[in-house]
1. Would you confirm, using the coordinates I've provided, whether residue 103 is of a type in the set (Gly, Ala, Ser) and closer than 18 Å to residue 63 by Cβ?
2. Output yes when any residue across segment 146-169 is closer than 30 Å to residue 24 by Cα, under 17 Å from the mean Cα position of the chain (by Cα), surrounded by fewer than 16 Cβ atoms within 10 Å (Cβ to Cβ) and basic (Lys, Arg), and no when none is.
3. Conditions first: (1) under 24 Å from residue 163 (Cα atoms); (2) under 17 Å from the mean Cα position of the chain (by Cα); (3) buried (at least 17 other Cβ atoms within 10 Å of the Cβ). Residue 80 passes all but one, so which condition is the exception?
4. Restricting attention to segment 34-42, does a residue exist that is modelled with pLDDT under 95, under 15 Å from the mean Cα position of the chain (by Cα) and either surrounded by fewer than 12 Cβ atoms within 10 Å (Cβ to Cβ) or under 19 Å from residue 91 (Cα atoms) (or both)?
5. Does segment 165-175 contain any residue that is part of a helix (DSSP H, G or I), in contact with a helix residue (DSSP H, G or I) (Cβ under 8 Å, 6 or more places away or on another chain) and charged (D, E, K, R)?
6. Any residue in segment 51-71 that is more than 21 Å from the chain's Cα centre (by Cα), modelled with pLDDT of 95 or more, assigned to a helix (DSSP H, G or I) and of a type in the set (Asp, Glu)?
7. Residues being among the charged types (D, E, K, R) and buried (at least 18 other Cβ atoms within 10 Å of the Cβ): count how many of those fall in segment 61-77.
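The values are calculated or read from the model by the stated rules, or taken from the named source; none is laboratory data. Remember, predicted model here, so these are calculated numbers, not experimental data. Note that we place each Cβ from the backbone using ideal geometry, even for glycine, and neighbour counts take in every protein chain shown.
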Amino acid sequence: MVRVRHDDWLTLGLAALAETGPEALTIDALCQRAQRTKGSFYHHFETIDAYRQELAEFWRKRDTEAIIAATSEPRDATKNLDALNHLTSHLDMNIEQGLRRLGATDRAVAEVIRTVDRRRIGHLVKLYIATGDFAPESAELLAQVTYAAFVGFQVIAPEMKPEVSQRAYLKFIGMVRRD
């Protein structure tokens with residue numbers, strides 16, 4: 001039998017969250033999904049609350065920090081924006097939605113989500129300014145609107161295909177270029 005490592009529990013939790021939502025994040029449900037005992041879970045996590053906070057941090061590192069790092073290359077800012085659009089359009093919106101629903105009842109998860117939102121918007125501001133197309137104030141506003149659309153699409157069109165999302169973003173950014 002293959003051992004379930006710490007990060008395997010977290011990956012399993014993101015999958016459960018995407019498929020079922022926050023209600024899938026109980027010790028019993030996770031152990032059943034992993035086909036492991038509660039002892040295995042407790043070997044890695046002190047409590048379910050600690051697990052949920054680590055899960056949110058795992059998501060933050062994977063779906064925010066890694067993407068920011070990949071789109072902070074010392075190259076043309078427009079290419080970084082294109083790369084950001086490509087990478088974010090392939091994120092699992094069900095995970096994003098599930099974490100936001102979990103954050104509505106879990107204060108620690110909500111704080112991670114607020115951190116993610118600030119980091120993502122801040123990164124967009126830097127990229128918009130770096131293009132030379134936007135003054136800082138306009139870049140800030142544009143970043144907020146762009147991010148609001150990203151989060152909004154999770155609610156109104158979670159089934160949107162990545163290529164459609166990419167085209168919508170490119171059309172939108174083309175409409176607002178040249179401050």
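1. Numbers: of a type in the set (Gly, Ala, Ser): yes; closer than 18 Å to residue 63 by Cβ: yes.
In short, yes.
2. Yes, some residue in segment 146-169 is closer than 30 Å to residue 24 by Cα, under 17 Å from the mean Cα position of the chain (by Cα), surrounded by fewer than 16 Cβ atoms within 10 Å (Cβ to Cβ) and basic (Lys, Arg).
3. In the conditions (1) under 24 Å from residue 163 (Cα atoms); (2) under 17 Å from the mean Cα position of the chain (by Cα); (3) buried (at least 17 other Cβ atoms within 10 Å of the Cβ), residue 80 misses (2) alone.
4. Checked segment 34-42: no residue is modelled with pLDDT under 95, under 15 Å from the mean Cα position of the chain (by Cα) and either surrounded by fewer than 12 Cβ atoms within 10 Å (Cβ to Cβ) or under 19 Å from residue 91 (Cα atoms) (or both).
5. Checked against the condition, which is being part of a helix (DSSP H, G or I), in contact with a helix residue (DSSP H, G or I) (Cβ under 8 Å, 6 or more places away or on another chain) and charged (D, E, K, R), segment 165-175 yields no hits at all.
6. Within segment 51-71, the subset more than 21 Å from the chain's Cα centre (by Cα) is none.
Within segment 51-71, none of the residues are more than 21 Å from the chain's Cα centre (by Cα), modelled with pLDDT of 95 or more, assigned to a helix (DSSP H, G or I) and of a type in the set (Asp, Glu).
7. Initially, segment 61-77 is screened for residues among the charged types (D, E, K, R), giving 61-63, 65, 73, 75-76.
Okay, now just the ones that are also buried (at least 18 other Cβ atoms within 10 Å of the Cβ), so 63.
Qualifying residue count for the region: 1.
To keep it simple, each residue is scored yes or no on (1) in contact (Cβ under 8 Å) with a residue 12 or more places away in the chain; (2) farther than 14 Å from residue 98 by Cβ; (3) not aliphatic (A, V, I, L, M).
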{"residue": "19", "(1), (2), (3)": "yes, no, yes"}
{"residue": "27", "(1), (2), (3)": "yes, yes, no"}
{"residue": "56", "(1), (2), (3)": "yes, no, no"}
{"residue": "61", "(1), (2), (3)": "no, yes, yes"}
